[in-house]
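What follows is calculated from the coordinates using simple rules that are stated; it is not laboratory data. Everything numeric in this text was worked out from a predicted model, so none of it was measured. Please note: Cβ atoms are built from the backbone with ideal geometry, for glycine as well, and neighbour counts cover all protein chains shown.
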Amino acid sequence: GKPGLAALEREKFDAIVCDVNLPDVDGFSVCRQLRARGDATPLVLLTSRDGDIDEALGLELGADDYVTKPFSVRVLLARLGALVRRAGAAQTPDSIVRAGQLEIDRERLAIRYRGTPIASTLTELRLLAALVEKPGRVLTRERLLELGREDDSVVAPRLVDTYVARLRKKLDAIE
């Protein structure tokens, strides 16, 4: 449970399959913690517990499905595929961008880092989203300005340095 939660803070997954009987942090607790922090990643709980009470608890905690052992891998994969398709259809494209503990909500024009809201300008939000959406890619200052400002205004390319410095200062202030 603990390594799984740590991995989920570092990166985003299309779906999660979690055994209920995990050491340290059990599957119910993993589910509870993910949903409490607003993580809506499709989650399937696996278990040898086949009682109605356990299944109801898992679903009430926010699991999307509950599969008892023994199970067919083919059926599990089909269930996961359906959950991922449904989750993808429910999201508005590009509305929320996540990277580790950083969350950018384009619809609400909000940034949260480690659960803390960050005040930003629209340009800072767009610039940060552009950087997060294109990890590992080299973007020129000019391209970053296009993505951040989204207008035809003419500004010096070094202005990106100022925006990045402000964003770093805001993110570094949160501990």
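Considering only DSSP beta bridges whose two residues both sit in segment 1-113, what percent are antiparallel, to the nearest 5? Can you show the working numbers first?
Numbers: 8 of 16 bridges.
Antiparallel bridges: around 50 percent, rounded to the nearest 5.
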- Note on the structure: Rounded to the nearest 10 degrees, the helix 122-133 long axis (Cα) sits at an angle to the longest Cα principal axis of the chain of 50
- Message: Using just the Cα positions, wrap segment 49-139 in a convex hull and report its mean projected area in square nanometres, one decimal place.
- Response: 8.8
- Taking LYS169 as the anchor, which lysines have their alpha carbon closer than 26 Å to its alpha carbon, excluding any fewer than eight residues away along the same chain? LYS12, LYS134
- Message: Rounding to the nearest 10 and keeping the result within 0 to 90°, find how far the Cα-based axis of helix 73-90 lies from the longest principal axis of the chain.
- Response: 40
- Checked against the positive end of the charge dipole of the chain (+1 on Cβ of Lys and Arg, -1 on Cβ of Asp and Glu, about the Cα centre), the farthest of LEU109, LEU167, VAL44 is LEU167
- Rank PRO23, ILE53, LEU8 by how far each Cα sits towards the positive end of the charge dipole of the chain (+1 on Lys, Arg Cβ; -1 on Asp, Glu Cβ) and give me just the farthest. LEU8
- Size of the dipole of the chain about the Cα centre, Lys and Arg at +1 and Asp and Glu at -1 on the beta carbon, nothing else charged, in debye to 20? 560
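What is the local net charge at LEU102, summed over the other residues whose Cβ is closer than 12 Å to its Cβ (Lys, Arg +1; Asp, Glu -1)? Spell out each step's value before the answer.
Details: positive: ARG10, LYS12, ARG98, ARG112, ARG114, LYS170; negative: GLU9, GLU11, GLU103, ASP105, GLU133.
Local charge sum for LEU102: +1.
Taking a cut-off of 19 Å, what percent of all Cα-Cα pairs in the chain are separated by more than that?
Working: 9751 of 15225 pairs.
Of all Cα-Cα distances in the chain, 64 percent exceed 19 Å.
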- Rounded to the nearest 20 Debye, what is the dipole magnitude of segment 1-55 about its Cα centre when Lys and Arg each give +1 and Asp and Glu each give -1 at the C-beta? 300
